[in-house]
1. Under a plain spin-label model, where a point goes 7 Å from the Cα along Cα-to-Cβ, how far apart in nm are residue 226 and residue 28?
2. If we restrict to alpha carbons, what Rg and Dmax does the stretch 65-119 come to, in Å?
3. At 0.36 nm per residue, minus the direct Cα-Cα distance, what do residue 115 and residue 289 gain on full extension? Give it in nm, one decimal, please.
4. Starting with the highest mean, order 70-78, 175-183 by the number of other Cβ atoms within 10 Å, averaged over the residues of each peptide.
5. What does the C-alpha gyration tensor say about the overall shape of the stretch 5-147? Classify as rounded when a/c is under 1.5, otherwise prolate if a/b is larger than b/c, or oblate.
6. Based on alpha-carbon atoms only, what is the radius of gyration of the stretch 227-355 relative to the globular estimate 2.2 N^0.38 Å?
7. Which residues does a label at residue 199 reach in the stretch 239-270, if reach means a backbone N under 15 Å from a point 7 Å past the Cα toward the Cβ?
8. Starting from 0.36 nm per residue, how many nanometres of slack lie between residue 53 and residue 122 once their C-alpha separation is accounted for?
């Protein structure tokens, strides 16, 4: 096992082929994927049919990417968790593993080859695989907390609602909260993300977008036309409501208070970004702790990185947008440098990961 594996991958040599370990449920499928990848110049370092063999192959070879075509119920989900716990590598799902992909994405996989790609013919499918593998090879991955739990002997549920009981009644009464920060390039990224969230998402969603005064109301209306969830601008004293999206106003900081209330506080003297993402993230960490999903999207500067780290330190699940899909990879890059993100994902994969994480937290009791 290579302890600095994720860091070493950042220095990929563009002159050498991208390397993969291929995992599939049958020898026939392994042979087909091997041939398809060879035709595109992808270097196959090893293949495996079982979870144990696959973990050994990934840890021994240190591939740029793992291509997984093993049904999640047949060991695919366990493989994602064990790889992300022991020798993290970008994992791309295809074929049988792409079914119920949200579970694998929440466990640490980074991309899914679209269903139907293979039906377009071998040449097209080979090129699609190669393209997804090439993009995934540039994703920085870190040890995933869900995988660490499995490594310590706590098996994750393969599907369905979580059966884990909250530590106490107070935690169970706190509704799940999703907090999202964005800056440069944020509005279109938010539109793409919020448009993918399910209409019945059982969590409150708070968005902090750096925006000049007078424009946030128009942004809320525009996002509300795109998102299946209602969108509004937060008001001082309002209560967080599951299934609703609120935007921080442009003239103050949005603070999450105990008891699922929001307050709008005056900016600090000399505060550079108004509203400030770090302030909202830190308040969410203090008020809701592990029942938060924190997301940091495209933006210039560092706002949000320290706040995302504060969330991760209290057990919240944290996501940073990857470099490839970011308009400006400043804030997410700062979070990655602080080891503040559990996952670094391309924009299209963030909404499914949020929904899966909220599902794991469970629906809170009425308060």
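1. Each label point is offset 7 Å from its Cα along the Cβ direction, giving 4.4 nm.
2. 10.1, 35
3. 59.0 nm
4. Final packing ranking: 175-183, 70-78.
5. The shape class here is rounded.
6. Against the empirical 2.2 N^0.38 Å value, I get 1.01 for the stretch 227-355.
7. What the label zone holds, given the 15 Å backbone N cut-off, is 243-244.
8. Between residue 53 and residue 122, full extension yields an extra 22.1 nm.
Rule-based calculations on the coordinates, nothing more; no lab input. Bear in mind the structure is a predicted one, so any value in this text is a computation, not a measurement. Every residue, glycine as well, gets a Cβ built from its backbone with ideal geometry; the counts of neighbours run over all protein chains shown.
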